[in-house]
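The values are calculated or read from the model by the stated rules, or taken from the named source; none is laboratory data. Everything numeric here is computed off the predicted structure, so don't read it as measured data. Here Cβ is always computed from backbone atoms with ideal geometry, including for glycine, and neighbour counts include all displayed protein chains. Accessible surface areas use protein heavy atoms only, side chains included; no ligands, DNA or RNA. Shrake-Rupley method; radii C 1.70, N 1.55, O 1.52, S 1.80 Å.
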Amino acid sequence: MSLDTVTDIATSGIGFTLPILVAASGELISERAGVLNLSLEAMMLTGAFAGVLGAVATGSPVLGAATAVLAALIFGVLQAVWSIGLRADQIVVGIASNALALGATTYGARLLLADGKGHRVPGFDALRLPVLHRIPVVGPALFGQTALGYLCLAVVAVLAFVFSRRTKVGLVIDAIGEDAVAADRTGLPVRAVRYGCVLLAAFAAGLGGAQLALSEVHSFSDNMTGGIGYLAVVAVIAGRWRALGVIWASVFFGIAQALQFALPALGVDVPFALLVMLPYLIAIVAVSGVVGNSRAPRDLTVAFARTS
């Protein structure tokens, strides 16, 4: 395998990684607070659709990305109201949200992005950083991103630092995720923190959807996320609810997706259906305990109800 081929796989892998990673970074914070967002897929898909629609309508990819985040936040509000305010089952809410988003975006794309509008999308172009871009293998992959791609990396870094287990806000989130009732008795605003964490996850998911649609593909197609939101949730589990683990898990899933296209080009005779399943098969292995045991936050998916 030549160096150019390895570079191409790395570049493609990081391209697949970024939407997973930024969404997983937000989901990590939400799950540490006790709220599971299976609706991450809905947030990303809606964000991708709204981002393309906004970019086409305004001619600006920046406004398109802003529209993507806003649309994802709407789903985030719904997730928060249902799962926190109304104490609905978080898994059921997530599955219902994903079905709603798939139907709404499919219909919306045919209604609003017909006549080829979805294939003429103002998007973000690559910004290659001088010198750094020339580093073998990792240079083109990390330092040849778009402005939105760099923003995603910056958001991941900020979230990992601000909400780490060494900061006050990070400790508050962990306390609520471990025992919300006890945290409430100490005066911590459990519902407010959980609302904020869900909206933060929605913001990150919208950014990931915009990155996929406006940086990587420059178009929108039906169900274009294709399970990326679920992979982001799995990355949090496989990463053992720690930022560094989530980063490695996201990179691993991104490379696995890149191999779908790289292996046939390298002449490896593997059934295409198996290549499509590859990231998800790896995800199943990752959460099955084979790669090591981990413990979720104790109150994850547990609805909070104040006791007297």
| task | Working carefully through the options V35, V22, V62, find the one that is open to solvent by 30 Å² or more (accessible area, probe 1.4 Å) and hydrophobic (A, V, I, L, M, F, W, C). | result | V62
| message | Of all residues being at pLDDT 90 or above and of a type in the set (D, E, K, R) in region 75-124, which is least open to solvent (accessible area, probe 1.4 Å)? Just the residue, please. | response | D89
| field | Total residues in region 206-219, condition among the small types (G, A, S) and open to solvent by 10 Å² or more (accessible area, probe 1.4 Å) | value | 2
| message | Would you confirm, using the coordinates I've provided, whether V121 is touching a helix residue (DSSP H, G or I) at 6+ places or on another chain (Cβ under 7 Å), hydrophobic (A, V, I, L, M, F, W, C) and on the phi > 0 side of the Ramachandran plot? | response | no
| message | Just the residues that are of a type in the set (S, T, Y) and outside any helix (DSSP H, G or I), please, taken from region 206-219. | response | S219
| query | Out of all the residues in region 1-39, which are farther than 21 Å from A213 by Cα and either touching a strand residue (DSSP E or B) at 6+ places or on another chain (Cβ under 8 Å) or part of a helix (DSSP H, G or I) (or both)? | reply | L3, D4, T5, V6, T7, L28, I29, S30, E31, R32
| task | For A80, state whether it is assigned to a helix (DSSP H, G or I) and touching a Pro at 6+ places or on another chain (Cβ under 6 Å). | result | no
| query | Looking at A68, is it more than 18 Å from the chain's Cα centre (by Cα), open to solvent by less than 10 Å² (accessible area, probe 1.4 Å), aliphatic (A, V, I, L, M) and under 22 Å from H218 (Cα atoms)? | reply | no
| message | Considering only region 42-57, I want to know if a residue exists there that is open to solvent by less than 40 Å² (accessible area, probe 1.4 Å), over 26 Å from G170 (Cβ atoms) and assigned to a loop (DSSP other than H, G, I, E, B). | response | no
| If you go through region 141-154 one residue at a time, do you hit one that is without any contact (Cβ under 8 Å) to a residue 40 or more places away in the chain and among the β-branched types (V, I, T)? | no
| request: Can you work out which of the residues in region 220-242 that are open to solvent by less than 20 Å² (accessible area, probe 1.4 Å) and assigned to a loop (DSSP other than H, G, I, E, B) is farthest from F16 (Cα to Cα)? | output: W241
| Taking region 100-135 as the search range and keeping residues that are in contact (Cβ under 8 Å) with a residue 24 or more places away in the chain, assigned to a helix (DSSP H, G or I) and among the aliphatic types (A, V, I, L, M), which one is farthest from L78 (Cα to Cα)? | L112
| task | Please report, ordered by residue number, the helices (runs of 4 or more DSSP H) entirely within region 136-205 with at least 2 residues that are crowded, with 22+ Cβ neighbours inside 10 Å and out of contact with any Leu (no Cβ under 8 Å at 6 or more places or on another chain). | result | 180-185
